[in-house]
Each structure stands twice: as structure tokens, then as C-alpha cells.
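Peer 1: The following block contains the structure, expressed as C-alpha cells.
The values are calculated or read from the model by the stated rules, or taken from the named source; none is laboratory data. Source: prediction; values computed, not measured. When we count neighbours, we look across all protein chains shown, and the Cβ atoms used for this are built from the backbone with ideal geometry, even at glycine.
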Amino acid sequence: MREREPVPITDPVPHRNGDVSVRERGTTPRGAQEPRRGGRRSGGHKRARSRESDGSPPNWARSRVLLLNATFEPLTALPLKRAIVLVVCGKAEIVHNDPSGFVLHSARTAIPVPSVIRLGNYVRVPYRAQVPLTRAGIMHRDRFRCAYCGSKATTVDHVVPRSRGGAHTWQNCVACCSKCNHRKADRLLAELGWTLRTVPEPPHGPYWRLLTQINDRDADWRPYLGAPAA
């Protein structure tokens, strides 16, 4: 009697929830739809790719998501993966997303890639009296312009150099272009005859607490950040 040939199978197919299934070649899992011919998907959404051709995460996966408190107060900027976990677990809801943007698909649901999410329950955050001093915060405060010449800033400079007793504070740190930073070196402004375009002051408020954590912000965040208070 002739032996029955084994049915060829594909490689194990990983699911997004971590499970792995093996299916016969040419068959479709129960409940799944046959792929549409022509490679076009219905609707305006784009299916999110998990990896780029070089193996690195795609650009959308490296984005950050604005997290709001239950009162719509901005709290922080989260990695996309953490934001998705909060939404899936029911701890946060999506407030804003791109209607024509990417959509993450799982076996049971589809979640649009969010840009702003809000916590379901209020979280009390004990803010410090002063906004932490960071390079990103200085750049945002000075609008990425050199405090001496007004050109595009790429570095941070101490008005009174540290080597001459200058402090590392909001009042003594300004955004600066590389050319002015090189020319100034460790000299005082009076020695060069320079003046500051604006007087550096420490910012305050939740808007600035958030900006000190990030270098770039999504344009979709603007309605939720409120007016900056410097």
C-alpha cells in the first residue's frame, strides 16, 4: 500500500500576541479573509509595517505620543509602544490620530496609531517648583535661535563661562550657533562688546515641563499644550 505523502506546511506564522501557529500551504485560517487582488486595501488606512527593509523599526514606530491626564493636562511624551499598551489595557483612550495614517492590526482588533492619548483616571503629579534645565528646554525657550546673532542655534552656551564662575542655570544658559560659540569661547560679553537679544529667564508651567523632555513635538499636540508661560 502506497504511503500517503505528508502535507507541506509553511513556516511558523507568529501572531502579534506572541503565539505561533502553523497552517497548511494554500489554506486560509478560519475567520480570516482572502487577500484582495492587486495589493490594494479598502478604506483610507495604511497597514503598518513591522520592519523596514534593513531590519530597523519604521519611522512611525519610533514616534512619541502625547499623554494627557484625565483633566486634559499634558503629562509627558510616551514611546508609541507604551501608549498602545495603555490603550489596549483600557487605561487610556485615543484622543487624536491621523484618519489616513497607519493602523496596527491584531487577531481581534485594529488600533489606529495615535498621536495623543488621555488617561481614564486622574493621576496626581507632584510637580517641582522649577522646570528641570535641559538642552531641549533651552532650545524651545529661545525658539532655536542664537541669543547673540539670531541665526539658527545648534549648541548651548553659558553667558558667563563655567571656567569663570558661571552657574548652570536657566538665567546663564542660552541657545547659540556654533560660530558665535566658537568666537566667544571663555570670554565675557563685555570683553567682546556683545549683548543678549533677550534676557534669559526660567520657564514655568506644564507646557515647559513637557518640552524639556523632547527635542521635537508633533504638530497635532499644539491644541492640547496650551499657551507657553516663560
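Peer 1: Give the residues of region 96-150 that are among the charged types (D, E, K, R), in contact with a Pro (Cβ under 7 Å, 6 or more places away or on another chain) and not assigned by TED's automatic domain parsing to the domain that holds Trp194, sorted by residue number.
Peer 2: The initial filter retains those residues of region 96-150 that are among the charged types (D, E, K, R), namely 98, 108, 118, 124, 128, 135, 141-143, 145.
So of that shortlist, the ones also in contact with a Pro (Cβ under 7 Å, 6 or more places away or on another chain) come out as 141.
Hits for region 96-150: nothing passes.
Peer 1: Taking the stated definitions as given, is Arg82 assigned by TED's automatic domain parsing to the domain that holds Trp170 and either surrounded by 11 or more Cβ atoms within 10 Å (Cβ to Cβ) or at pLDDT below 85 (or both)?
Peer 2: Spelling it out, it is not the case that Arg82 is assigned by TED's automatic domain parsing to the domain that holds Trp170 and either surrounded by 11 or more Cβ atoms within 10 Å (Cβ to Cβ) or at pLDDT below 85 (or both).
Peer 1: Taking region 173-207 only, how many residues are in a helix (DSSP H, G or I) and of a type in the set (Asp, Glu)?
Peer 2: Matching residues across region 173-207 total 1.
Peer 1: Follow-up. Give me the pairs, please: first residue somewhere in region 83-94 and under 12 Å from Ile111 (Cβ atoms), second residue anywhere and in a helix (DSSP H, G or I), beta-carbon distance under 8 Å, and either six or more positions apart or on two chains.
Peer 2: Close Cβ pairs satisfying both conditions: Ala92/Ala83; Ala92/Leu86; Glu93/Val87; Ile94/Val87.
Peer 1: If you don't mind, there's one more thing I want to ask. Just checking, how many residues over region 177-192 are over 16 Å from Arg162 (Cβ atoms) and of a type in the set (Gly, Ala, Ser)?
Peer 2: Number of matching residues: 2.
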